[in-house]
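Working notes for the structure below.
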């Protein structure tokens, strides 16, 4: 009975968390996939895996494009029949929202259907999509396309080359009226426009169905095994201007060790490494001076470790080490509490 009560309490606690608590990043945002090679993307840097199947992996190395800001960190790789990876950002309901990344398709083996590999979700909880980038089989190669919505028309490029890196910039534009929003796609825009004036798009799709009410999440999609080729992606940027996604790095949503400035905010970083064995590091900050606690729970809602339980100062990076040498492999949750607020991250212990 006690175990059931704890499980119920843990589930209720997790369900009560607003989507932002799980990690909402501000715009403009940059992600160079600076995560450990051979780790899963889900659970890193506010990425969340949804659906089932193969995961998206972090791979060693980078993609690069002439004239584009130098790549940092690593890259991600994926193919068909697996999880989608999503990251939540500030809800935007007007103007234009852009995203960019470097794309390399390494194989189209087994592809016989059409599929999209990236796009926006309408809200923090909705899976209604927009500004979808499609990869379409074209003989032994592929075309790149854009559609405003899943059911609206797709505008396609000419055939592209395998093992060549392309700079992709996509946008969703909110237009007054109904069923008339616009998605644009730029493929390899000229370097002279980076950080400057938006050029004429390569492809445009005008909506002919219900417009989105907003955009709040970016996603990379692993569609069916027959519709998702082998893909490498690097250097993700999201913003509300052309310059946001073609220059600089934007905000990363993680601590700035170089400047030494720690924001006055409640933040629980993803543990590193993750997965881990047997110990892992957890960093956190608080918005105001005062009592804070950092604890770890198992899937049954049972407390398995107290990592911090005392006074924490705002503007200070706090670091805790979770040693799970005496615990079994599985999923655990780090829970930070301060000022009546709660943040949670999922930890994966693999022995």
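Could you rank the peptides 229-235, 273-279 by their average count of other C-beta atoms within 10 Å per residue, with the highest value first?
Packing proxy ranking, top to bottom: 229-235, 273-279.
Calculate the spin-label point distance for residue 51 paired with residue 175, positioning each point 7 Å from the Cα along the beta-carbon direction, and give it in nanometres.
2.8 nm
Mind checking which of 299, 41, 336 has the largest fluctuation in a GNM of the chain, springs on alpha carbons under 10 Å?
For the chain, modelled as a Gaussian network with Cα springs under 10 Å, the answer is 299.
Quote the FRET efficiency, to the nearest 0.05, computed for residue 306 versus residue 241 with a Förster distance R0 of 41 Å and r equal to the Cβ-Cβ distance. The partial results should precede the final answer.
Details: r = 45 Å, r/R0 = 1.10.
Efficiency at R0 = 41 Å is approximately 0.35.
On C-alpha positions alone, give me the angle between the axis of helix 2-15 and the longest principal axis of the chain, in degrees, nearest 10.
40 degrees
Picking from 313, 87, 75, which is most flexible by a Gaussian network model of the chain using Cα springs under 10 Å?
313
Where is the GNM fluctuation largest for the chain (alpha-carbon springs, 10 angstrom cutoff): 318, 161, 326?
326
Can you compute the modelled spin-label distance between residue 26 and residue 299, with each label point 7 Å from Cα toward Cβ, in nm?
With each label placed 7 Å out from Cα toward Cβ, I get 3.7 nm.
Can you classify region 51-186 as rounded, prolate or oblate using the Cα gyration tensor, where a ≥ b ≥ c are the square roots of its eigenvalues, rounded means a/c under 1.5, and otherwise it's prolate if a/b beats b/c and oblate if not?
Cα axes put region 51-186 in the rounded bin.
Expressed in nm to one decimal, what extension gain is obtained for the pair residue 209 and residue 150 from 0.36 nm per residue of sequence separation less their Cα-Cα distance?
Extra length from residue 209 to residue 150 when fully extended: 20.3 nm.
Mind jotting down the distance between the C-alpha centroids of region 163-193 and region 35-99, whole Å?
About 18 Å separates the Cα centre of region 35-99 from the one of region 163-193.
What number, rounded to the nearest 500 deg cm²/dmol, is the helix-based mean residue ellipticity at 222 nm of the chain, given -39500 (n - 2.57) per DSSP H run of at least four residues and division by all its residues?
Values: 1 runs with 14 residues, N = 351.
Counting only the DSSP helices, I get -1500 deg cm²/dmol.
Residue 127 label point, 7 Å along Cα→Cβ, cut-off 16 Å on backbone N: hits in region 200-219?
Backbone N within reach: 217-219.
Only the coordinates and a few stated rules stand behind these numbers; no lab work does. These numbers were taken from a predicted model, which means no experiment stands behind them. Here the Cβ is made from the backbone with ideal geometry for all residues, glycine too, and neighbour counts use every protein chain on show.
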